[in-house]
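The structure appears below as structure tokens.
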Amino acid sequence: MTVFPDNKPVIMINEQFLELLRCGMYRVSPDLRLFEHVDWDALFQMSVVQTVVGVVLDGVELLPQGLQPATILKLRWVMLVRQIEIQNEKLDNRVIHICDFFSSMGLSPMVIKGQVISRYYPYPDHRQAGDIDLFFTKRQEVEKANIWAKNNTRCYSVVNEKELAYRLEDVIVENHIRLADMQYGCYQDNLQKIIQDELIEENGSFVKIREARVRTLPATLTVLHLIIHIQYHLLNEGLGWRQMCDLAMVLNDQELIGCLDRDALNSYLSQIGLKRMSAAIGYVLFAELGLSRDKIPFDISSFGADIIVDDIWTGGNFGKKRFAFKGNVGFVRQKIMAMPLHWRQYRKYRKLLPNEAWANFLVKFKRVAKGIK
């Protein structure tokens, strides 16, 4: 590893990584003083772990040629990003196809997360892609879509009747009947009413994917959904910088924020117990990812923000570094091994969202007990 003048290589690499990430996100020039001594192999691996390979490379491209990584590593980096571009093109085409197909069946799915959120990045194809997520607002519609999937595709899982995962040609699609959940009873009731009310008032918005218009969530619900998604993974496996970048890119979009109801969003966050957590998330977006304070439509506070940042660095994307044993041991043993980690997550986040953190841990405990029996 490169020896840095201040003998703080980890801190320096983190700063370099975040600087390149910010530059890739907002297309601003890097602070060249940070790149006099660089361990490029470590930075490349960090971008892989955090699943922001393309966005960080966009930042690298803004450096003068003399400060960029060696040709061999740069070529490896570019080739990996090219694979991400190909995957995004494939997923975009599949999204358009499945939406058109379900529309011909009289269904109206909303595309959520991945391929919609990528539209808010400077280079949408550089956001690392995942699965295709479809949300159906009516039970009869998702049931009809699920019957088709079970009869015509290879299905992988049904999660508590909330979602069905299946393979469509060479991609995974998930049909969702519930947009999001909270584990604490009162918050869950409030959340489901919020979602219902939001969708009654507005049938959704549209975003352009490869010249096609696809239906997605209205602006306020999009932001709320991303915040809930972040808090869920913080309480459980953990999350990476990609999920924080998603929220930052959405909030950075003038058109979307122009359609957002700030008062309603803050009311929703209060009703589901996420005011403290969202304030800490907002601070991370501001202090670490460089999002302008005036673009964050909710309160921000440094309280608990350091815990979130530490989790991101130590856990990696969706906590894969912390839960490396998943898939390598039996189901029951896997659940047992995870319990101390879930307990630790509860203890870390109980001051930010005490009711939800405790309810979430109890759910995990009950599932382990049931699995053992």
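The values are calculated or read from the model by the stated rules, or taken from the named source; none is laboratory data. Computed from a predicted model, the values in this text were never measured in an experiment. Note that each Cβ is placed from the backbone with ideal geometry, even for glycine, and that neighbours are counted across all protein chains shown. Side chains included, ligands, DNA and RNA excluded: accessible areas come from the protein's heavy atoms. Shrake-Rupley method; radii C 1.70, N 1.55, O 1.52, S 1.80 Å.
For the stretch 141-146, in order, what is each residue's ³J(HN,Hα) by Karplus, 6.51 cos²θ - 1.76 cosθ + 1.60 with θ = phi - 60°, in whole Hz (x at glycine and Pro)?
After applying 6.51 cos²θ - 1.76 cosθ + 1.60, I find 6, 5, 5, 5, 5, 5 Hz.
What is the chain's relative contact order, in percent, from Cα pairs under 8 angstrom and six or more apart in sequence?
14
Only Cα pairs within less than 10 Å get springs; with that Gaussian network setup on the chain, which residue of 183, 128, 254 has the largest fluctuation?
Highest fluctuation of the listed residues: 254.
Answer rounded, prolate or oblate for the chain, using the Cα gyration tensor with square roots of eigenvalues a ≥ b ≥ c: rounded when a/c is under 1.5, else prolate when a/b is larger than b/c, else oblate. Numbers along the way, then the final one.
Values: a/c = 1.45, a/b = 1.27, b/c = 1.14.
It comes out rounded by the Cα gyration axes.
Skip the ligands, DNA and RNA, and give the accessible area per residue of the chain with a 1.4 Å probe, whole Å².
Using a 1.4 Å probe on heavy atoms only, each residue of the chain averages 47 Å².
With a 10 Å cut-off between alpha carbons and a GNM built on the chain, which of 302, 104, 205 moves the most?
104
Evaluate the charge dipole of the stretch 117-247 about its Cα centre and quote only its size in Debye, nearest 20, assuming +1 on the Cβ of each Lys and Arg and -1 on the Cβ of each Asp and Glu.
Magnitude of the dipole: close to 280 debye.
Grab the other residues whose beta carbon is less than 9 angstrom from that of residue 88, score K and R as +1, D and E as -1, and report the net.
-2
For the charge dipole of the chain, defined by +1 on Lys and Arg C-beta atoms and -1 on Asp and Glu C-beta atoms about the Cα centroid, which residue among 146, 134, 171 has the Cα displaced farthest towards the positive pole?
146
Heavy atoms of the protein only, probe of 1.4 Å, neighbouring chains included. What is the accessible area of residue 12 in Å², nearest 10?
40
Of all accessible surface on the stretch 248-321 at a 1.4 Å probe, what whole percent is carbon and sulfur?
Exposed carbon and sulfur together represent 46 percent of the surface.
Are there any GluC sites (Glu not before Pro) in the stretch 79-185 that are in a DSSP loop and have at most 14 other Cβ atoms within 10 Å? List them by number.
Of the GluC sites (Glu not before Pro), the ones in loops of the stretch 79-185 whose Cβ has at most 14 other Cβ atoms within 10 Å are 161, 169.
Within the stretch 10-55, list the trypsin sites (Lys or Arg not before Pro) lying in a DSSP loop whose Cβ has at most 13 other Cβ atoms in a 10 Å radius.
27
Ordering 364, 144, 351 by how much accessible area each has at a 1.4 Å probe, largest first, what is the list?
Working: 364 30, 144 95, 351 135 Å².
Highest to lowest solvent-accessible surface, that is 351, 144, 364.
Are any of the pairs 162/351; 74/295; 162/208; 275/295; 162/364; 113/138 more than 24 Å apart by Cα-Cα distance, and if so, which?
Cα-Cα > 24 Å for 162/351; 74/295; 162/208; rest within.
Mind checking the dipole of the chain: about its Cα centre, +1 per Lys or Arg Cβ, -1 per Asp or Glu Cβ, Debye to the nearest 20? Don't skip to the answer; put the middle values down first.
Values: 47 positive and 43 negative charges, 330 e Å.
For this selection, approximately 1580 debye.
Given springs between every Cα pair under 10 Å in a Gaussian network model of the chain, which of 340, 30, 354 has the largest fluctuation?
Checking each option, the largest mean-square fluctuation is seen for 340.
Indicate the gyration tensor shape class of the stretch 3-74 (rounded, prolate or oblate), computed on the Cα atoms with a ≥ b ≥ c the square roots of the eigenvalues: a/c under 1.5 is rounded; otherwise a/b larger than b/c is prolate and the rest oblate.
rounded
Using a simple charge model, +1 on the beta-carbon of Lys and Arg, -1 on the beta-carbon of Asp and Glu, nothing else, what dipole does the stretch 32-96 show about its Cα centre, in debye to the nearest 20?
The dipole of the stretch 32-96 has a size of about 140 debye.
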